[in-house]
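A.B. asks: Structure below; questions to follow.
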Amino acid sequence: MQEINAMIQRLQDGNAEFVASLSNGETLAERAPPAELVQEQKPFAIILGCSDARVPAEIVFNQAIGDLFVIRVAGNIVARSQIGSVEFAASAFGTRLVVVLGHTKCGAIGATLSELQQPTENQSPNLRSIVDRVRPSVAELLETDLRHDHDALAAAAVRANVRRSVDQLRHGSDILEDMVQSDGMKIVGAEYSVETGRVSFLEG
Ligand SMILES: [Zn+2]
């Protein structure tokens, strides 16, 4: 567990370097990957992030080629292929830290909110499959007073969706559940701010 905390710290340090580079105008030094990475990858973290063009995991965590195993899908949702990808990386490379990285102003969350508040017909079934996976965490919030405040609702929905994805990874497969229970795997949620470049790790 000590080791996992050091890995989370490494991501936090990388993000701090990235945030600093935004304000001091410096370009981050490109970290050259060790030669052996051409033959073999040894990622220390698996990141399930959104496809949003503003949230490239390697850049916002200031990590080098070979450091991160990144899965990107609109809305950082968890479907079977995402669970399979995490299982693959964890089994093949021994990676034990998994971070679900949501972000502010997420279009997939916005689309789901719009869809719930004003359903459209003829939505592509493929797009619908993404909205359907975000829907449960957002629908609960629409039952609360947050429904009167669009921005607060959207912000809470991003975090609820991250927590849901974390939960689905933790309990979505026997393999991952075993790794969490007895093999040192940690699955955590985090939120990237497109406004500040800062990543906040979510508690619990
Ligand atoms: Zn997004």
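A.B. asks: Report the residue count in region 101-137 for those that are more than 24 Å from Ile187 (Cα to Cα) and of a type in the set (Val, Ile, Thr).
C.D. replies: Matching residues across region 101-137 total 2.
A.B. asks: Is it the case that some residue within region 86-100 is within 16 Å of the ligand (Cβ to nearest atom) and under 23 Å from Val199 (Cα atoms)?
C.D. replies: yes
A.B. asks: One residue is enough: does region 179-196 have a residue meeting the conditions of a type outside the set (A, V, I, L, M, F, W, C) and assigned to a helix (DSSP H, G or I)? If you could, list the steps in order and put the result at the bottom.
C.D. replies: As a first pass, look at region 179-196 and keep what is of a type outside the set (A, V, I, L, M, F, W, C): 181-184, 186, 189, 191-193, 195-196.
Among the residues that remain, those that are also assigned to a helix (DSSP H, G or I) are: 181-182.
There is at least one residue in region 179-196 that is of a type outside the set (A, V, I, L, M, F, W, C) and assigned to a helix (DSSP H, G or I).
A.B. asks: Starting from residues that are surrounded by fewer than 16 Cβ atoms within 10 Å (Cβ to Cβ) and under 16 Å from Val199 (Cβ atoms), keep the ones in region 55-78 and report whichever is farthest from the chain's Cα centre (by Cα).
C.D. replies: Filtering region 55-78 for residues that are surrounded by fewer than 16 Cβ atoms within 10 Å (Cβ to Cβ) and under 16 Å from Val199 (Cβ atoms), the one farthest from the chain's Cα centre (by Cα) comes out as Ile59.
The numbers here are math on the coordinates, done by the rules we state, and not lab data. Computed from a prediction, not measured in an experiment: that's the story for all the values here. Reconstructed Cβ throughout: ideal geometry from the backbone, glycine too, with neighbour counts over all protein chains shown.
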